[in-house]
1. So how strong a dipole does the chain carry about its Cα centre when Lys and Arg Cβ are +1 and Asp and Glu Cβ are -1, to the nearest 20 debye?
2. Gaussian network model of the chain, Cα springs within a sub-10 Å range: biggest mean-square fluctuation belongs to which of Asp153, Asp233, Asp406?
3. In a GNM of the chain with a 10 Å cut-off on Cα contacts, which of Asn119, Asn358, Asn188 has the highest mean-square fluctuation?
4. Can you give the relative contact order of the chain as a percent, counting alpha carbon pairs under 8 Å and 6+ residues apart?
5. If you keep only loop residues by DSSP, which GluC sites (Glu not before Pro) in region 142-176 have at most 15 other Cβ atoms within 10 Å of their Cβ?
6. On a 0 to 90 degree scale, rounded to 10, what angle separates helix 105-117 from the longest Cα axis of the chain?
7. Excluding ligands, DNA and RNA, what is the solvent-accessible area per residue of the chain at a probe of 1.4 Å, expressed in Å²?
8. Any idea which of Ala212, Thr39, Phe164 is furthest toward the positive side of the dipole for the chain, if Lys and Arg beta-carbons carry +1 and Asp and Glu beta-carbons -1?
Amino acid sequence: MNFLKSTLAGSMVFASLATAALSAEDTIKVGVLHSLSGTMAISETTLKDTMLMLIEQQNAKGGLLGKQLEAVVVDPASDWPLFAEKARELLSVHEVDVIFGNWTSVSRKSVLPVIEELNGLLFYPVQYEGEESSKNVFYTGAAPNQQAIPATDYFLEELGVEKFALLGTDYVYPRTTNNILESYLKSNGIADADIFVNYTPFGHSDWSKIVADVVALGADGKKVGVISTINGDANIGFYKELAAAGISADDIPVVAFSVGEEELSGLDTANLEGHLAAWNYFQSADTEINASFVDTWKTTMGAERVTNDPMEAHFIGFNMWLNAATEAGSVEVDAVRTAMYGQEYPNLTGGTAVMLPNHHLAKPVLIGEIQADGQFDIISQTTEVPGDAWTDFLPESAVLVSDWKDLGCGMYNTETKTCVQTLSNY
């Protein structure tokens with residue numbers, strides 16, 4: 001239980017309850033694969049806490065299929081190759097029945113060969129770049145058409161942005177997302193010279209030159225906007241530099257894809273009012289089901305704790321998994337996978353999430369404006385948008401579809417009528 005020593009007392013209580021000394025045959029094991037240390041701990045520790053809360057709640061209801069759920073928590077420590085080792089440990093040593101985990105795409109890519117080799121099942125709760133579809137992964141976060149494209153449309157149509165700074169952390173998610181966005185922007189008449197792209201390492205802290213370059217982009221008087229795929233604690237330095245430079249959202253708006261309530265809780269947000277984030281959920285959503293979820297979270301973990309989008313994705317994914325296993329009468333991976341298609345569960349923001357044959361959800365897209373208290377004012381919300389595994393804005397991907405239910409293929413070429421490949425070593 002050493003991994004819990006650095007976490008909150010509330011987490012310790014739930015971990016001790018969820019991992020009570022029960023014999024293996026009496027429990028259904030749920031793997032929790034989130035970084036509790038390193039650069040991504042700022043985001044991922046909360047997701048571990050979320051899973052422990054959800055598991056404890058379900059056990060209080062009687063568990064699943066007549067058994068209690070047992071959380072098996074490991075710490076891959078923001079070390080991408082270690083994610084693969086920990087996934088193998090969960091499946092081969094602990095023999096978990098399902099895994100909820102990962103944040104960054106590079107960590108997910110590290111895990112893919114392992115779970116496909118061992119036929120594990122991963123629920124991945126974070127927005128990502130798409131261009132992937134594994135039969136062993138259910139993607140409960142946003143695909144680009146459920147976050148990046150709608151946010152870009154908002155900049156173009158509502159804010160009149162004419163020049164774009166695409167700032168990201170240097171790994172697969174920002175690079176692929178920005179590749180899609182560059183293509184999309186050019187198709188909307190934005191010139192090459194009006195698109196500035198920059199990547200920085202995980203944990204990057206000196207943002208002075210990059211912010212200066214963004215400001216210089218607007219020297220000709222054209223409206224500049226920042227699309228941010230900066231991940232982890234590097235966001236702290238970025239937003240502090242914006243504030244230090246006296247840049248307001250009226251001057252240069254920022255829309256972030258990896259900054260939510262949890263990340264803002266560590267910042268002085270008074271100078272960030274008006275900047276934006278695009279997600280499928282915000283804590284400020286005014287629904288009864290969300291009020292209940294937020295109240296349970298704060299009662300369990302502390303009044304100062306906030307909720308965020310990947311938490312909702314785990315909430316939806318976990319409950320869909322419970323329902324699919326109940327329908328299948330088994331937690332066996334192939335049986336659960338088959339029962340997952342068409343599963344529905346309420347969104348915390350209203351409406352219903354639906355699991356599609358491409359292992360993505362249909363979910364609403366929300367744009368929120370940062371408030372002084374670190375919460376978001378929801379200024380735009382769509383109806384449910386079906387997640388697209390393969391973007392329509394890259395020629396090589398536009399011809400691909402994913403359909404594990406009927407075609408048994410995650411990479412089906414609609415022109416050649418063939419399944420390109422079924423494993424995810426893309």
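The values are calculated or read from the model by the stated rules, or taken from the named source; none is laboratory data. On a predicted model such as this, the values are computed, not experimentally measured, just so you know. Here the Cβ positions follow ideal geometry from the backbone for every residue, glycine too, while neighbour counts run over all protein chains shown. Accessible surface is based on the protein model in full, side chains and every heavy atom, while ligands, DNA and RNA are left aside. Shrake-Rupley method; radii C 1.70, N 1.55, O 1.52, S 1.80 Å.
1. On the way: 23 positive and 57 negative charges, 144 e Å.
Dipole of the chain, to the nearest 20 debye: 680 debye.
2. Taking springs between Cα atoms under 10 Å, the residue moving most is Asp406.
3. Maximum among the listed residues: Asn188.
4. On the way: 881 pairs, mean separation 67.5, N = 426.
Across the chain, relative contact order equals 16 percent.
5. Values: sites: Glu157, Glu158, Glu162; in loops: Glu158, Glu162.
Of the GluC sites (Glu not before Pro), the ones in loops of region 142-176 whose Cβ has at most 15 other Cβ atoms within 10 Å are Glu158.
6. For helix 105-117, the angle is close to 30 degrees.
7. Values: 15280 Å² over 426 residues.
Result: 36 Å² per residue.
8. It is Thr39, whose Cα lies furthest towards the positive end.
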